[in-house]
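K.L.:
Structure incoming, see below.
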Amino acid sequence: MTEFLETTVDKFIFRVAIDRFYNDQGVWVKEEDGNVRVGLSDFVQQRNGDVAFAEIKPVDTNLVFGDDLAEIETIKVNITFTSPVTGKVIEINPAMQDAPEAINQDPYGEGWLAIIKPFDWTTDLARLRDPQTYFARMRTEAEEEAKKP
C-alpha cells in the first residue's frame, strides 16, 4: 500500500506518494521491474481541474528527457507534460481513451499515463526530485496560490 506525505492548504488536501520520484512539472515516476510507470501528481490534477481529454504519445515512441509526453485538456487549461525519462513508450493506460477523469479520481493508481522503458534510468533518476523535495516545493506553490486574491 502506498504511503503519502500530506498537507492541507486553505481547504485543499494535497498528497505526495513517497514510493516514486517527480519532475518539476509534477509528473511522477515509479520504477517497476526495469520499466517506469508515469502519471500526474495529486497537486497537478487538483490545480488544473477536471480532466476532459488526455492524449499520450503512442506505443513505440522514443522520448528524450523533456520531450512532450502527454497533452491534458481540463475545464481550465490545456497543458503539455514532458517526459521525466529518456526511453520508449511501451504501454499507454487504456483508461485515458474513455475515462481520463481517472487522473482526478486516482492520480497515483488507476490514473497513470504510460509505462516507459528507460534507456538510462540512473541518469534520469539523478534529474528527478525525491518525494520530500517535491513535497516541499508543492507545498510552497500551493501556499503561494492560496494567497492570491
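K.L.:
Between A126 and T2, what is the label-point separation in nm under the 7 Å Cα-to-beta-carbon projection?
P.N.:
Between T2 and A126, the simple spin-label model gives 2.8 nm.
K.L.:
K30: which lysines have alpha carbons under 30 Å from its alpha carbon, excluding same-chain residues fewer than 8 sequence positions away?
P.N.:
Counting by Cα, and skipping residues close in sequence, K30 has these lysines nearby: K11, K57, K76, K88, K117.
K.L.:
If you don't mind, another one. With a 1.4 Å probe and all protein chains left in place, how much accessible area per residue does the chain have, in Å²?
P.N.:
Normalised by residue count, the accessible surface of the chain is 53 Å².
K.L.:
Still on this model: Which angle between 0 and 90 degrees, to the nearest 10, do you get for helix 131-147 versus the longest principal axis of the chain when only C-alpha atoms count?
P.N.:
Once rounded, the angle reads 40 degrees.
K.L.:
On the accessible surface of the stretch 1-56, probed at 1.4 Å, how many percent belong to carbon and sulfur atoms?
P.N.:
45 percent
K.L.:
Here is a follow-up. How large is the helix-only mean residue ellipticity at 222 nm for the chain, computed as the sum of -39500 (n - 2.57) over DSSP H runs with n ≥ 4, divided by its residue count, in deg cm²/dmol to the nearest 500?
P.N.:
Rounded to the nearest 500, it is -7000 deg cm²/dmol.
K.L.:
So what is the relative contact order of the chain, in percent, for Cα pairs below 8 Å that sit 6 or more residues apart?
P.N.:
So the answer I get is 27 percent.
K.L.:
Using a probe of 1.4 angstrom, how much of the accessible area of the stretch 104-146 is carbon and sulfur, in percent?
P.N.:
With neighbouring chains kept in place, the figure for the stretch 104-146 is 45 percent.
K.L.:
What label, among (i) 14.6, 46; (ii) 14.6, 42; (iii) 15.9, 51, belongs to Rg and Dmax of the Cα atoms in Å computed from the structure on display?
P.N.:
So the structure-derived entry is (i).
The values are calculated or read from the model by the stated rules, or taken from the named source; none is laboratory data. Predicted, not measured: the structure shown is a model, and the values here were computed from it. When we count neighbours, we look across all protein chains shown, and the Cβ atoms used for this are built from the backbone with ideal geometry, even at glycine. Heavy atoms of the whole protein, side chains included, go into the accessibility calculation; ligands, DNA and RNA do not. Shrake-Rupley method; radii C 1.70, N 1.55, O 1.52, S 1.80 Å.
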